[in-house]
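First comes the structure, then the notes that go with it.
The values are calculated or read from the model by the stated rules, or taken from the named source; none is laboratory data. Bear in mind the structure is a predicted one, so any value in this text is a computation, not a measurement. Neighbour counts run over all protein chains shown; Cβ positions are idealised from the backbone, glycine included.
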């Protein structure tokens with residue numbers, strides 16, 4: 001068991017090191033996220049009245065779009081430079097690769113969110129730091145990264161890989177998006193946790209179900 | 001080429017006859033509903049096509065599991081066939097629902113949980129077909145689409161639940177026709193006969209189409225292998 005976690009850690013560490021040296025994935029996600037916020041600002045006329053009800057939706061749309069870029073990139077790099085074959089040659093269980101990549105993607109998403117949130121708060125003078133809201137962000141990102149990592153591992157092996165990931169990913173992650181947006185909105189409006197627990201439950205249920213299924217089927221994604 | 005099985009021809013005839021009888025029952029046997037009038041008759045085929053659609057998506061998910069476990073091509077053909085047919089049936093169900101909703105709800109479309117989930121289901125399985133067309137290697141395509149069929153089928157109930165909660169916590173007035181949307185009329189005996197006969201007719205029709213589509217899939221697979229063979233011999 002310990003060896004398993006060490007192997008997962010090694011996959012994550014490899015991703016961090018590569019990212020630290022190139023910094024291309026994180027910076028692309030970040031710039032993209034800021035651009036999306038900028039576009040929303042003009043498209044929706046985010047003024048004081050609209051902010052309270054719209055900001056949760058704007059934030060999650062931003063996270064999800066930026067997350068798609070990161071997910072696509074994270075696996076495309078492995079495929080293009082032949083690293084995927086190297087990973088497959090490693091004498092570890094296939095699920096190690098899945099959890100390593102998924103946790104890596106999750107951390108990148110959380111990093112981008114950690115930078116975007118203060119910027120959002122700064123630009124709109126809007127307090128976005130509730131403990132409950134941070135929990136929703138983590139839960140939502142887990143579900144998104146769990147399904148996204150599995151799908152992007154499939155997509156990079158397809159001919160139409162540049163366009164396929166969002167098409168496959170968005171309809172499947174709709175429960176995450178709905179629950180995360182509604183829960184975030186509730187926290188922004190200062191509703192008590194008891195009223196929002198139903199959304200948190202959906203997020204937890206989604207995370208558990210899809211992590212488990214992804215764990216079961218990941219072997220078939222990389223069966224070469 | 002394998003000859004068309006006799007049983008399949010029998011099933012063709014049976015499904016045509018059953019659908020004609022079902023249409024006859026709907027139009028001439030079942031009474032006109034008092035409140036909604038003739039447009040209510042959409043209901044019989046609407047529910048039947050939606051049922052067949054969901055059945056096909058379930059078949060695709062089960063075929064996906066079987067493919068991953070057994071690694072036999074026929075499960076892939078079954079899953080692909082079921083999704084293709086069900087996508088069409090489900091679209092028909094949505095369109096029929098719209099035709100009914102226009103006079104009853106006074107709008108073609110509302111963002112009611114069932115309608116929204118139906119739209120998302122169509123998108124999921126359209127994505128399934130896009131995934132298939134994007135992967136060239138047939139064995140890899142079979143694995144990926146099996147996984148996607150399983151994931152898609154699992155996400156649908158969660159989507160439905162979350163949209164339903166969304167609407168109950170934030171009540172959006174859906175044309176004030178919430179009761180009618182949930183089958184808010186009582187079926188009398190002739191209506192029930194027409195209804196269940198339509199369900200049966202479309203189920204038979206579905207099996208018939210599925211059989212045809214599987215045969216088509218098998219034939220195209222054997223054409224592919226013949227092509228590969230002749231190419232190798234030609235070299």
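Do we have any residue at all in the range B:96-113 that's under 19 Å from the mean Cα position of the chain (by Cα) and at pLDDT 90 or above? Yes: the range B:96-113 contains one or more residues that are under 19 Å from the mean Cα position of the chain (by Cα) and at pLDDT 90 or above.
Of the residues screened, residue A:217 is one that is in contact (Cβ under 8 Å) with a residue 60 or more places away in the chain and facing chain B (nearest Cβ under 8 Å).
Yes or no: the range A:168-177 includes at least one residue that is at the interface with chain B (Cβ under 7 Å from one of its Cβ atoms) and more than 30 Å from residue B:138 (Cα to Cα). Yes, because at least one residue in the range A:168-177 is at the interface with chain B (Cβ under 7 Å from one of its Cβ atoms) and more than 30 Å from residue B:138 (Cα to Cα).
Residues in the range A:185-194 that are away from chain B (no Cβ under 12 Å) and buried (at least 18 other Cβ atoms within 10 Å of the Cβ): A:187, A:188. Residues being in contact with a helix residue (DSSP H, G or I) (Cβ under 8 Å, 6 or more places away or on another chain), modelled with pLDDT of 90 or more and closer than 17 Å to residue A:158 by Cβ are entirely absent from the range B:192-201.
Restricting attention to the range B:181-191, which residues are buried (at least 18 other Cβ atoms within 10 Å of the Cβ) and either in contact with a helix residue (DSSP H, G or I) (Cβ under 6 Å, 6 or more places away or on another chain) or modelled with pLDDT of 90 or more (or both)? Spell out the reasoning first.
Pass one, the range B:181-191, residues buried (at least 18 other Cβ atoms within 10 Å of the Cβ): B:181, B:191.
Residues satisfying the conditions do not exist here.
Filtering the range A:195-212 to residues that are at pLDDT 90 or above, surrounded by fewer than 20 Cβ atoms within 10 Å (Cβ to Cβ) and more than 8 Å from chain B (Cβ to nearest Cβ) leaves A:200, A:201, A:204, A:208, A:211, A:212. Criterion first (over 21 Å from residue B:161 (Cβ atoms) and either away from chain B (no Cβ under 14 Å) or surrounded by fewer than 20 Cβ atoms within 10 Å (Cβ to Cβ) (or both)) does residue A:129 satisfy it? Yes. In the range B:127-149, of all residues being more than 13 Å from residue A:221 (Cα to Cα) and within 8 Å of chain A (Cβ to nearest Cβ), the one that is nearest to the chain's Cα centre (by Cα) corresponds to B:127. Residue count for the range B:125-136 satisfying the condition of being under 17 Å from residue B:75 (Cβ atoms) and part of a loop (DSSP other than H, G, I, E, B): 1.
Every residue, every condition in (1) at pLDDT 90 or above; (2) touching a helix residue (DSSP H, G or I) at 6+ places or on another chain (Cβ under 8 Å), yes or no:
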{"position": "A:132", "(1), (2)": "no, yes"}
{"position": "A:151", "(1), (2)": "yes, yes"}
{"position": "A:154", "(1), (2)": "yes, yes"}
{"position": "A:163", "(1), (2)": "no, no"}
{"position": "A:177", "(1), (2)": "yes, yes"}
{"position": "A:189", "(1), (2)": "no, yes"}
{"position": "A:214", "(1), (2)": "yes, yes"}
{"position": "A:218", "(1), (2)": "yes, yes"}
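Applying the set (1) surrounded by fewer than 18 Cβ atoms within 10 Å (Cβ to Cβ); (2) closer than 19 Å to residue A:151 by Cβ; (3) within 15 Å of the chain's Cα centre (by Cα) to residue A:75 leaves exactly one unmet item: (1). Scanning the range B:24-54 for residues that are under 18 Å from residue B:97 (Cα atoms) and either modelled with pLDDT of 90 or more or buried (at least 19 other Cβ atoms within 10 Å of the Cβ) (or both) yields a total of 15. The set of residues from the range B:150-169 being more than 8 Å from chain A (Cβ to nearest Cβ) and touching a helix residue (DSSP H, G or I) at 6+ places or on another chain (Cβ under 7 Å) comprises B:153, B:156, B:160, B:164, B:167.
Can you tell me how many residues within the range A:149-163 are at the interface with chain B (Cβ under 7 Å from one of its Cβ atoms) and either surrounded by 23 or more Cβ atoms within 10 Å (Cβ to Cβ) or within 27 Å of residue A:130 (Cβ to Cβ) (or both)?
Within the range A:149-163, residues that are at the interface with chain B (Cβ under 7 Å from one of its Cβ atoms) and either surrounded by 23 or more Cβ atoms within 10 Å (Cβ to Cβ) or within 27 Å of residue A:130 (Cβ to Cβ) (or both) number 2.
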